[in-house]
Amino acid sequence: MTLTDRPITVEQVKLLIREGEGLIVEFKERYTPRIDEDIVAFANAKGGTLLLGVRDQGIVVGERLTNDLKAKITSLARNCKPSITTELSQVGEVVAVVVAEGMEKPYSCASGYYRRLDGTTQKMSHDELRIMFAENEPLPFEEKTVKGFTFDDVSKAKIRSFTKEAAIRIGSTAVPDFLRSLKVADETRVKNAGILFFAKDVYDHLHQAQMTLLAFKGTNRVHIYDRRDVRDDLLTQFNEAVGFLQKHLNVRSEILGVNREDIYEIPIGVLREALVNALMHRDYSITGTQVSVEVFDDRVEIVNPGGLPKGLSVRDLGTVSIRRNELISDLFFRLHKVERIGMGIQKMKDAMVAAGLREPTFASDAFFRATFHRSRELALKKGIFGPEGFEKKPRGKATQKTTQKTAQKTAQKTTQKIMSLIRHNPQITRQELAIELAMTDSGIKYHLRKMQANGLIGRVGPDKGGHWEVLQQNKGHGHGK
């Protein structure tokens, strides 16, 4: 891949800034010699653009491309191994450093090997380096295209849905320019990654772009009582799968302040993480296959074709992060699915244990299977909880006491976990607590207020810039005891 023949324009830079940092875009407020790490990371991935004079939040502060700065950047790139060619230009108030995808991967700079992951540049470990370049596929499936597919086959409605959820303002940007800014299209073609997200009829062009949702009676694959086949874009597949799981899992409701909090028997954040992982990591080159979501009486299984990337084993999960489809992963990141959910294998295990459940299990052969075990306690009480969390029938005193005790135990576990996280990081935010515990922001807000009222924790300083303090151990105060 070569650098573009056309210089980057002011309008293109404005669009990149509105879209934010990602796989192919990095903001730097000012030049530092460490930008060689970003240059190497882009060359090792899909290429990208480094914008100097832009803060992380997308605020333009300005940078000038002097002869001295040009010489420094060029020298840094040439001293990478192998040498990297960059295209430097003054674009409005910012300096654009365009890096092409390298043809001689892997590349390194003085401080090591780097790659892009969720809008950040990260140093690669030896294992990640070995695995990332084990397959050496010159043109991955997501980079290929379908014969006959044109920009006219792209759905403007799906672009609007994507940009709304991603909180990106593209104004009157033409469809081809928007897709090129995300690197899911070139001058004449839409890549498969773009087709999987934005085609009017995805299945018509890529038959493997489908997901099967199944609910079984019992614990084996004999009696199917609900089935859906989703043959649409990847965002639709994700949303349909979340809705299907919410429909078929037991859920109880707790009144937290003035809000009702739905608490699923399997933390819904864990399942969302598994779903987005399946869609990001599946091998789309295998035809005649689909991602499967299967609900049994005792478990949920999420299965994607392709198994783990070559060189990666199940024991590496949680310690090594490799993505088979970098462009697809970047689009999910821009939709905040990775950032918001982004729990990782170990945090998924921790969230299951915190909910009083067994750790999930993972297996890989030609397919990758993630298994999440359901609550045995709730499975024995199917008459108590309806699909929306309301009682199906009046309960006796014994059942009410059992349910109350279960709620008390859950609340105490949540309190203990929050206190542990605060001890570890007094500056932790409410949003970070919500991610760690796979809860809603309102649920965390309720627990924090309750804990403050009971003298368990205190707030020092303002909401922004302050920190939490643990005042006493949790002894069940304020949770019905």
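The values are calculated or read from the model by the stated rules, or taken from the named source; none is laboratory data. Just so you know, these numbers come straight off a predicted model, no measurement behind them. Cβ: placed from backbone, ideal geometry, glycine included. Neighbour counts: every protein chain shown.
In segment 106-121, the condition of being under 21 Å from residue 330 (Cα atoms) and exposed (fewer than 15 other Cβ atoms within 10 Å of the Cβ) is met by at least one residue.
For segment 59-74, check the following and say yes or no: at least one residue is surrounded by 14 or more Cβ atoms within 10 Å (Cβ to Cβ), part of a loop (DSSP other than H, G, I, E, B) and among the hydroxyl-bearing types (Ser, Thr, Tyr). Looking for residues that are surrounded by 14 or more Cβ atoms within 10 Å (Cβ to Cβ), part of a loop (DSSP other than H, G, I, E, B) and among the hydroxyl-bearing types (Ser, Thr, Tyr), one finds none in segment 59-74, hence no. For segment 148-164, indicate whether the set of residues that are in contact with an Asp or Glu (Cβ under 7 Å, 6 or more places away or on another chain) and over 29 Å from residue 294 (Cβ atoms) is non-empty. There is no residue in segment 148-164 that is in contact with an Asp or Glu (Cβ under 7 Å, 6 or more places away or on another chain) and over 29 Å from residue 294 (Cβ atoms). Only residues that are under 17 Å from residue 71 (Cα atoms) and not in a helix (DSSP H, G or I) were counted in segment 12-38, giving 5.
For residue 145, the requirement of being part of a loop (DSSP other than H, G, I, E, B) and either under 30 Å from residue 206 (Cβ atoms) or hydrophobic (A, V, I, L, M, F, W, C) (or both) is met.
The listed residues are 52, 65, and the only one of them that is without any contact (Cβ under 8 Å) to a residue 40 or more places away in the chain and either closer than 18 Å to residue 21 by Cβ or in contact with a Leu (Cβ under 8 Å, 6 or more places away or on another chain) (or both) turns out to be 65. Checking each residue in segment 432-467 for being assigned to a helix (DSSP H, G or I), under 19 Å from residue 412 (Cβ atoms) and among the polar types (S, T, N, Q) picks out only 452. Residue pairs whose Cβ atoms lie under 9 Å apart, sitting 6 or more positions apart in sequence or on different chains, and linking a residue in segment 157-176 that is within 18 Å of residue 119 (Cα to Cα) to a partner that is surrounded by fewer than 18 Cβ atoms within 10 Å (Cβ to Cβ), are 163/169; 165/336; 166/20; 166/336; 167/20; 167/336; 168/18; 168/20. Among the residues of segment 49-79, those identified as in contact with a Gly (Cβ under 7 Å, 6 or more places away or on another chain) and either modelled with pLDDT of 95 or more or not assigned by TED's automatic domain parsing to the domain that holds residue 90 (or both) are 53, 60, 61, 62, 63. Checking each residue in segment 260-317 for being of a type in the set (Asp, Glu) and farther than 16 Å from residue 234 by Cβ picks out 261, 262, 265, 294, 297, 298, 301, 316. Within the set 129, 182, 117, the sole residue that is free of Cβ contacts under 8 Å to residues at least 60 places away in the same chain and of a type outside the set (S, T, N, Q) turns out to be 129. Does residue 251 satisfy being over 30 Å from residue 452 (Cα atoms) and either crowded, with 16+ Cβ neighbours inside 10 Å or hydrophobic (A, V, I, L, M, F, W, C) (or both)? Answer is no for this residue. Annotation: residue 46 fulfils all but one of (1) modelled with pLDDT of 95 or more; (2) crowded, with 18+ Cβ neighbours inside 10 Å; (3) basic (Lys, Arg); the unmet one is (1).
Annotation: of all residues in segment 418-431 being part of a helix (DSSP H, G or I) and surrounded by fewer than 19 Cβ atoms within 10 Å (Cβ to Cβ), the one that is modelled with the lowest pLDDT is 431. For residue 89, work out the one condition from (1) over 32 Å from the mean Cα position of the chain (by Cα); (2) closer than 20 Å to residue 129 by Cα; (3) assigned to a strand (DSSP E or B) it doesn't fulfil. For residue 89, the exception is condition (2). Could you tell me whether segment 197-209 includes any residue that is among the basic types (Lys, Arg), free of Cβ contacts under 8 Å to residues at least 40 places away in the same chain and either part of a loop (DSSP other than H, G, I, E, B) or in the same structural domain as residue 336 (by TED's automatic domain parsing) (or both)? No, the conditions are met nowhere in segment 197-209.
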